[in-house]
Amino acid sequence: MTFVAEVVEELLHCGPPCCGAERRGALTRTLLRAADAPGGVRESVLVLDEATSHQDALTQERIIDGLREVGATIVMIARRPVALRDADQVLRLEDGRVVG
């Protein structure tokens, strides 16, 4: 099993089925598409909008850890600071402008 397949497997089975299963499914499809792209996941840029919302804290932690290990460039839009804790750079928008 490839590493991406392992992360996908983890995403599909982490957390209660009723809590954010649709988001986990969308994230799984995104990773699988990136894996099939020229250059694979590591050469992909993933834009994730609230990818960890509707997840319990443990599931959110597992998703973030898995994304970090995949190695793609990730632009993550999030309201919860914990989702951005390992970001190389954080930009904050206010009234449609970058303020920090």
- prompt: Is it true that residue 72 is out of contact with any Lys or Arg (no Cβ under 8 Å at 6 or more places or on another chain), in contact (Cβ under 8 Å) with a residue 24 or more places away in the chain and on the phi < 0 side of the Ramachandran plot?
  reply: no
- request: Tell me, please, whether a residue that is within 15 Å of residue 23 (Cα to Cα), part of a loop (DSSP other than H, G, I, E, B) and touching a Cys at 6+ places or on another chain (Cβ under 8 Å) can be found in segment 56-78.
  value: yes
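No value in this document is a laboratory result; all are computed from the given coordinates. Owing to the predicted nature of the structure, the values given are computational and were not obtained by experimental measurement. Positions of Cβ are generated from backbone atoms using ideal geometry, with glycine treated the same way; all protein chains shown enter the neighbour counts.
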